[in-house]
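Let me begin by presenting the structure, written as structure tokens, before commenting on it.
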Amino acid sequence: MEFLNTYFGLSSDYLLVLGVNLVITALVLIAIRVVIGMISNVKMIDGLSLEDNPAMGISLAGIIFAVGIIMTGVIGGDASDDLIKEIVLVAVSGVIGIVLVFSSRVIFDKISIPGFKMRDAIMQGNIAVSVIDAGNVIASALIIKSVFLVIDTTTTNLIIIGLGSFIVSQLLLTIASYYRIFFYNRAHGRSLQDNIMKGNVALALRFAGFRIGMAFAISGALTLAPLSMDIFALSLLIWLGVSLVQMLLVVIFSLICDKILLLGIDTRDEVDNKQNIAVGATQAALTAVIGLIIFTLVS
């Protein structure tokens with residue numbers, strides 16, 4: 001142990017906390033199986049193996065990845081000197097993470113992109129719907145992680161700031177979705193939701209990438225407008241305003257880069273009509289990367 005401490009800075013206390021965090025995180029991820037079974041009224045093993053439902057697999061992968069992202073926002077900070085306090089903090093954050101991830105799915109299905117019956121579509125094997133479901137929970141998780149990293153991680157703060165920031169972040173992601181849906185419907189004369197429900201995976205990829213790019217922009221705004229318990233309501237309002245500015249920047253730069261990178265390609269026809277997954281995936285990655293770049297520049 002002295003060798004590890006001397007050359008790697010790994011004390012016995014640090015290794016103990018690390019082990020506890022890993023165990024709790026694993027238990028949180030395992031708990032997802034139970035939650036999905038309760039919500040979907042279906043055994044996860046049946047959907048993945050017996051029915052060979054790729055849509056359910058994609059959706060589950062998104063949820064696992066999202067909860068994992070959130071957990072890094074807690075275990076990635078400075079560990080508490082009190083082991084019991086650390087255990088409670090990580091466990092509570094895991095529960096909060098699961099609750100917020102599944103809450104984001106409900107908000108997305110009922111408010112952000114109305115007209116879906118997401119659960120039914122995924123159970124029926126609609127891959128396009130599962131793609132935007134995964135994109136939604138990952139986008140939500142990126143913001144929640146950033147919130148956990150910048151706040152004073154006490155159990156009370158996690159609950160209060162976690163809930164308040166979640167409401168604001170879902171409002172911002174809903175605004176982003178409405179923007180995308182409005183311009184799509186106006187340009188095509190048909191519903192974006194209907195096109196995705198018909199199985200347009202290319203469109204779903206582009207939409208998911210757009211929301212992830214917006215999530216990076218919203219997360220980056222926390223650096224410029226950090227949350228404070230002393231002026232919590234005001235700090236949330238400032239964060240909302242800064243986020244809208246950064247989201248606009250992502251939209252502008254994404255449009256510019258899209259025109260340059262995909263010069264000579266009618267992206268609207270390729271994605272919306274021909275369902276070209278290659279083009280949809282490229283546009284999704286482009287928007288997400290622009291958001292990530294802006295996030296990195298301000299962080």
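The values are calculated or read from the model by the stated rules, or taken from the named source; none is laboratory data. This structure is a prediction, so every number in the text was calculated from the model and none was measured. Cβ coordinates were reconstructed from backbone atoms using ideal geometry, including for glycine residues, and neighbour counts include every protein chain displayed.
Things to note:
- Within segment 36-70, the set of residues being hydrophobic (A, V, I, L, M, F, W, C) and at pLDDT below 70 comprises 36, 38, 39, 42, 44, 45, 48, 50.
- Residue in segment 224-238 that is aromatic (Phe, Trp, Tyr) and under 22 Å from the mean Cα position of the chain (by Cα) present: no
- Residue 224 being surrounded by fewer than 24 Cβ atoms within 10 Å (Cβ to Cβ), at pLDDT below 90, touching a helix residue (DSSP H, G or I) at 6+ places or on another chain (Cβ under 6 Å) and under 25 Å from residue 295 (Cβ atoms): yes
- Complete set of residues in segment 266-278 that are at positive phi and assigned to a helix (DSSP H, G or I): none
- The helices (runs of 4 or more DSSP H) falling completely within segment 115-223 that include 1 or more residues that are closer than 17 Å to residue 93 by Cα map to 127-150, 155-188.
- Considering the conditions (1) of a type outside the set (Gly, Ala, Ser); (2) within 21 Å of residue 187 (Cα to Cα); (3) part of a helix (DSSP H, G or I), residue 263 is excluded by exactly one of them, (3).
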